[in-house]
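Quick notes on the structure that follows.
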Amino acid sequence: MIPLALARFRPPIATMASEASSAAPATASGVDEASRRRVIICGGGVIGACTAYFLASKAAGRVAITVVEKSAIACAASGKAGGFLALDWCDGTPVADLARASFLLHRSLSDLLDGPRTYGYRALTTLSLALSPSELPRSRSPALPSWIDGAAASRPRTIGTPETTAQVHPQLFTRALLSSATAEHGVEVVLGEVQSVDVSGGGAGVVLRDGRILPADAVVIALGPWSSRLRLVSALFHISGLKAHSIILRPPQPDAISPHALFLSYQPTPSSKILDPEVYPRPTEKKKTPENRISEVTRGRISPHCWTATAEAVVRTKSAGACGEVYICGLSKEATPPNNPEEIAAEPESIEMLHQIAGAVSSHLKSGAAEVVAEQACFLPCTDDSLPVIGEIPGAENIYVATGHSCWGILNGPATGAALAELILEGRSTTVDLEPFNPARFLQRKAFT
């Protein structure tokens, strides 16, 4: 039986998918240009891209949408995250309905955008197991996939099935959505650093650091951990950054790696802290290119297809059951993100530990055997109450914020974008109840402190 919340959610999804696939670009929609509502989305990560996609598809030409990004589309956590999706792992929390709705939206988007080929979408089995660096021989559990041949791997426990867990390549997913929004609905992307959001007389404007001012009827702030650098946000709540490290390896025999996501418990020494790394084989393969950045910029605006071309030049997808590379992450800590996402540097000791964990998982991933594709870090946006912030900022009409999704940003991006689109266009969300994520909750807490 379909839960009531999901049954209520499905009709709008089907409608949005139909609109996205059949609507003409906004400039050809017959809507008077002067009457179109102007919406500026600050941030070219997964939340900004999802908001642009669903807003454009649902508005059917009634809205002119501009996405402002400082560096490159999906250049921070949206490009360096794991891309793991789970249907029910947030059950029992205020995020449960958002996560369930978004998981189903991911499935619908994959059907619409050819996710398996375009951005490596696939359902997969997820296992939990403990690893020990001990060199003492231990009988190998027959339940382990053959490539997990570490000497001290415990018997695995299945914690997700192809019906409840899946994955995407986050950078390709984000760019695919925005590419579709530009091609089908005329969404613009502008390169520039947001300095402030000004509100006056029922209108708004986004001021860029180079002096440009983008007038708007509504603004969405989706800048991840950089959101609270805008006074409208910082005056209400704080967003902290959780620095997460990851490596990407290409095994010598990729086809030997089965599609199993791994959630590990690993203790480097008997007296050390237990770590919780994660391992995600991906059906994608990154090619070596001299540059992995958006380069086609004219007067601060990006060519509609340049990030698609860049993505195809850098990463290709293989068949859903195959492996091209393996993503390994963990070792997070609170830190302050630099002003420029491109200046984020991984810490050598964290990267070294991830390589150690990779070798403990499989001989296919040992240093010297696997090719190192990337060693990187990113910042996850976190709130003080561990809940996302999604909605209109109190006292700032038509200024919306969407951030604080922590490690579930890729999962919850679609439902966040769909719900925000409804809130902006219709004044309420039917995709999911946004009340648990209302920014006004911070006002209420300030009143009691």
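Which whole-number percent is the relative contact order of region 361-422 (Cα, under 8 Å, 6+ apart)?
Value for region 361-422: 25 percent.
Please order 90, 42, 50 by the number of other Cβ within 10 Å, starting at the fewest.
With the sparsest Cβ surroundings first, the list reads 90, 42, 50.
Using alpha carbons only, how many angstrom separate the centre of region 43-120 from the centre of region 176-250?
Taking the Cα centre of each part, region 43-120 and region 176-250 sit 15 Å apart.
Search the structure for amide H atoms under 5 Å from the amide H of residue 41, placed 1.01 Å from N in the peptide plane, and list their residues when 5 or more places away or on another chain.
66, 67, 68, 220
What is the spin-label model distance, in nm, from residue 276 to residue 443 if the labels are put 7 Å beyond Cα along the C-beta direction?
Label-label distance for residue 276 and residue 443, simple model: 3.5 nm.
With unit charges on the beta carbon (Lys/Arg positive, Asp/Glu negative), name the residue among 207, 219, 194 whose Cα is farthest towards the positive pole of the charge dipole of region 193-252.
194
Taking the beta-carbon count within 10 Å as an exposure proxy, list 273, 333, 80, 243 from fewest neighbours to most.
273, 333, 243, 80
Values quoted throughout were computed directly from the atomic coordinates according to the rules given, and no laboratory measurement underlies them. Note that the structure is predicted; figures quoted are calculated from it, not measured. Positions of Cβ are generated from backbone atoms using ideal geometry, with glycine treated the same way; all protein chains shown enter the neighbour counts.
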